[in-house]
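**Student:** The structure under discussion is supplied below as structure tokens; questions concerning it will follow.
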Amino acid sequence: MSDIRKLEPKDLWNYFHEITQIPHPSKKEARIVEFMKEFGNKNNLETIVDKIGNVIIRKPATKGMENRKGVILQTHLDMVPQKNSDKKHDFEKDPIQTVIDGDWVKADGTTLGSDNGIGVSSVMAVLASGNIQHGPLEALFTVDEETGMTGANGLKKGLLKGDILLNLDSEDEGELFVGCAGGVNVEVFRKYGQEKPPREMTAFRVEARGLKGGHSGVDIALGRANSNKIMFRFLMQAESDFGIRLAGAAGGDLRNAIPRESWSVLLVPDKRESEFKKFVKGYEKMYRAEFAETEPDLSFSCSKVELPPRVMKQSDQYKLIRAVFACPNGVLRMSQAMTGLVETSNNLAIVKCINGRFETYCLTRSSVDTAKEATAWKIAAVFQLTGAEVSLSGAYPGWKPDMNSPILNTMLGVYKNKFGKLPEVKAIHAGLECGILGGIYPNLDMISFGPTIRYPHSPDEKVNVPTVKKFFDYLCETLRQIPVK
């Protein structure tokens, strides 16, 4: 484990180290909430924990800055728990093991939690400092951003007093984000019949592994393979060519992460065993060719296993395999308003066929609310044709860009004066809490920015060290130049 506390700025990296030692996956943030509460009290700052678990810490303006507009520094406390299959790690008990790799900090076989731990530690460094000039400050640390934006959705009106909200949850230094996609969860449930396996059949476990995965919004345009899609594409062909019988299948475990691994257990006629093995190898060769640039470590293999006691009824198998295969996935439409921005996408995140119960979970995103709804309905229609129950939940709005934003104008000038060039102004195909918070507090002037983070929501997650310092210096100078109220 590398000592990230030696990096600059030291206060920020010290706080980030402390955060990595506290398990804080989504919906399990009790310990880090208590840690933030103790931090606020230790620094003699007004500290509030609301009923949802959000932490609000207020710091008075430094001397001479009392007449500036109030600023809310906003981050989220939870992290996405993802690990490589060969890594032993309990996200509810074990600390993250950090590694310095040149100009990058990453974790040893797990997600790092720089999303949004770097934002959290940056705010802590500002709150604890006696040398940074600023007007009235509020820090808002929300919970459960990654799995449902529960904290932001549960925030009450009237708690926050600021005029400007700086969201520190973006992942490209040198870019200011003024808009984001909204999202909705599509949840599918269906029972299926089971029966004894036919005679003279051999059981195989087929596995898709070694995929990169990643953030289902930020990384959706990279063309990476979705393990559920490649598994069920295979199953559809195997059913047609070999008359397989499916005993079970599963892939993915988080709605906002592109699934990296999937498995299925299926039966093949005894006399076609060797032919089936060649068939699997053929699919691996095909997939490795199709995804040569994006998935160099893709593995698609099979191994013999014990005969299972039950298999799915053939009529159910036929419908469910085809429904998963037909489910829309990936980039569905590019934005007409902003070049290079994904407008609408879907992540076929989780599929389970286990013990007579079929479940599928998708996260649909779009910067156009009507397109988001239409895509969710299309997915629902695919599965409803199988007789499944489909529900839409957790919908949150997008954040519409305001190119006349006063804080945008201020931050453009600060960046140009400090670094000699203008930052890019963009929207992001991911769910930032700005859309929700702007609905609760419609008068907030909002910007999102951050250091450079690559491959969030996957074990390849890493944060660029030089950009962390640049981002923090930019944050501090922005606070110093917040306009008069």
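**Student:** For region 209-239 and region 86-140, what is the centre-to-centre distance using only Cα atoms, to the nearest Å?
**Tutor:** Between the Cα centres of region 209-239 and region 86-140 lies a distance of 29 Å.
**Student:** Right, something else. Using the Karplus equation 6.51 cos²θ - 1.76 cosθ + 1.60 (θ = phi - 60°), what ³J(HN,Hα) coupling, rounded to whole Hz, does each residue of region 470-475 give in order, writing x for Gly and Pro?
**Tutor:** Computed from phi, the couplings for region 470-475 are 4, 4, 5, 4, 5, 4 Hz.
**Student:** Same structure, new question: If eta is 0.692 mPa s and T is 37 °C, what Stokes-Einstein diffusion coefficient results for region 96-249, Kirkwood Rh from Cα pairs, in µm²/s? Please report the intermediate quantities before stating the final value.
**Tutor:** Details: Rh = 21.2 Å.
Estimated diffusion coefficient is 155 µm²/s.
**Student:** Mind listing the Cα extents of region 1-154 along all three principal axes, in Å, largest one first?
**Tutor:** Principal extents (largest minus smallest coordinate, Cα): 55, 36, 23 Å.
**Student:** Still on this structure, please answer the following. With the Cα gyration tensor of region 165-250 in hand, give its eigenvalues times 5 under a square root as the equivalent ellipsoid semi-axes, listed largest first in whole angstrom.
**Tutor:** Working: eigenvalues 336, 52, 20 Å².
They are 41, 16, 10 Å, listed largest first.
**Student:** Step through the residues of region 434-449 one at a time and calculate ³J(HN,Hα) from phi using the Karplus curve (6.51 cos²θ - 1.76 cosθ + 1.60, θ = phi - 60°), rounding each to whole Hz and writing x for Gly and Pro.
**Tutor:** Computed from phi, the couplings for region 434-449 are 4, x, 5, 5, x, x, 7, 10, x, 8, 5, 9, 10, 9, 10, 7 Hz.
**Student:** What whole-number distance in Å separates the alpha-carbon centres of region 32-75 and region 290-304?
**Tutor:** Rounded to whole Å, the Cα centres lie 48 Å apart.
**Student:** Follow-up. Taking every alpha carbon pair in region 125-171, what does the distance histogram look like in 5 angstrom bins from 0, in percent?
**Tutor:** For region 125-171, the pair-distance distribution reads 5, 14, 23, 25, 19, 10, 4, 0.
**Student:** Okay, next question. Treat region 2-61 as a sphere of radius equal to its Kirkwood radius over Cα pairs and apply Stokes-Einstein at 20 °C in a medium of 1.002 mPa s; give the translational diffusion coefficient in µm²/s, rounded to a whole number. Please report the intermediate quantities before stating the final value.
**Tutor:** Values: Rh = 12.8 Å.
The Stokes-Einstein estimate is 167 µm²/s.
**Student:** Another question, then. Please list, in chain and number order, the residues 5+ apart from Leu165 or on another chain whose amide H is under 5 Å from its amide H, with Hs placed from the backbone.
**Tutor:** Ile72, Asp445, Met446, Ile447
**Student:** Let me know the whole percent of all Cα-Cα pairs from region 24-113 that are separated by more than 23 Å. Please report the intermediate quantities before stating the final value.
**Tutor:** Working: 1757 of 4005 pairs.
I get 44 percent for the Cα pairs in region 24-113 exceeding 23 Å.
**Student:** Turning to a different aspect of this structure: Kindly provide the pair-distance distribution of the chain built from C-alpha pairs, with 10 Å bins from 0 and whole-percent values in order of increasing distance.
**Tutor:** 4, 19, 28, 24, 14, 8, 3, 1, 0
**Student:** A further question follows. Which order do peptides 439-446, 24-31 fall in by mean Cβ count within 10 Å, highest first? Could you put the intermediate results ahead of the total?
**Tutor:** On the way: 439-446: 15.4, 24-31: 18.4.
Listed from highest to lowest mean packing, they are 24-31, 439-446.
**Student:** Related question: Test of understanding: express the Cα radius of gyration of region 365-429 as a ratio to 2.2 N^0.38 Å, with N the residue count.
**Tutor:** Numbers: Rg = 19.5 Å, N = 65, 2.2 N^0.38 = 10.7 Å.
Against the compact-globule rule of thumb, the ratio is 1.82.
**Student:** By how many degrees, 0 to 90 and rounded to 10, does the Cα axis of helix 10-20 deviate from the longest principal axis of the chain?
**Tutor:** So the helix axis and the longest Cα principal axis differ by about 30 degrees.
**Student:** Further question: Distances longer than 23 Å among the Cα atoms of region 185-299: what percent of all pairs is that?
**Tutor:** Values: 2296 of 6555 pairs.
Tail of P(r) above 23 Å: 35 percent of Cα pairs.
**Student:** Moving on. Please report Rg over Rh for region 96-162, where both radii come from the alpha carbon positions and Rh follows the Kirkwood definition. Before the final figure, lay out the partial values.
**Tutor:** Details: Rg = 15.6 Å, Rh = 14.7 Å.
Computed over Cα atoms, the ratio is 1.06.
**Student:** For a distance above 18 Å, tell me the whole-number percent of Cα pairs in region 242-330 that qualify. If you can, show how the numbers build up before the last one.
**Tutor:** Values: 2221 of 3916 pairs.
Value for region 242-330 (Cα pairs over 18 Å): 57 percent.
**Student:** Amide H of Lys27: which non-local residues (sequence gap of 5 or more, or other chain) have their own amide H closer than 5 Å, using H built in the peptide plane?
**Tutor:** Placed amide hydrogens put Asp144 under 5 Å from Lys27.
**Student:** Still on this structure, I have one more. Quick query: amide H of Gln194 versus all other amide H atoms, modeled in the peptide plane; which residues come in under 5 Å with a sequence gap of 5 or more or a different chain?
**Tutor:** Excluding prolines and chain starts, which carry no amide H, the hits are Lys313.
**Student:** Give me the angle, in degrees from 0 to 90, between the Cα long axis of helix 406-419 and the longest principal axis of the Cα atoms of the chain, rounded to the nearest 10.
**Tutor:** Once rounded, the angle reads 80 degrees.
**Student:** Hey, what's the Kirkwood Rh for region 346-461 if you take every pair of different alpha carbons, in angstrom?
**Tutor:** Values: mean 1/r = 0.0567 Å⁻¹.
Taking every pair of different Cα atoms in region 346-461, averaging 1/r and inverting gives 17.6 Å.
**Student:** Sorted from largest down, give the three principal axis spans of the alpha carbons of region 311-362, whole angstrom values.
**Tutor:** Reported extents, whole Å, longest axis first: 49, 16, 9.
**Student:** Glu145 accessible area, nearest 10 Å², 1.4 Å probe?
**Tutor:** Here the residue's solvent-accessible area equals roughly 10 Å².
**Student:** A further question follows. Ordered by residue, what ³J(HN,Hα) values in Hz, to whole numbers, does region 132-148 give under the Karplus form 6.51 cos²θ - 1.76 cosθ + 1.60, where θ = phi - 60° and Gly and Pro are x?
**Tutor:** 8, 7, 6, x, x, 10, 10, 10, 10, 10, 8, 10, 6, 5, 6, 10, x
The values are calculated or read from the model by the stated rules, or taken from the named source; none is laboratory data. It should be emphasised that the depicted structure is a prediction, and the values quoted were computed from it without experimental measurement. Neighbour counts run over all protein chains shown; Cβ positions are idealised from the backbone, glycine included. Just the protein is used for accessible areas: all its heavy atoms, side chains included, with ligands, DNA and RNA removed. Shrake-Rupley method; radii C 1.70, N 1.55, O 1.52, S 1.80 Å.
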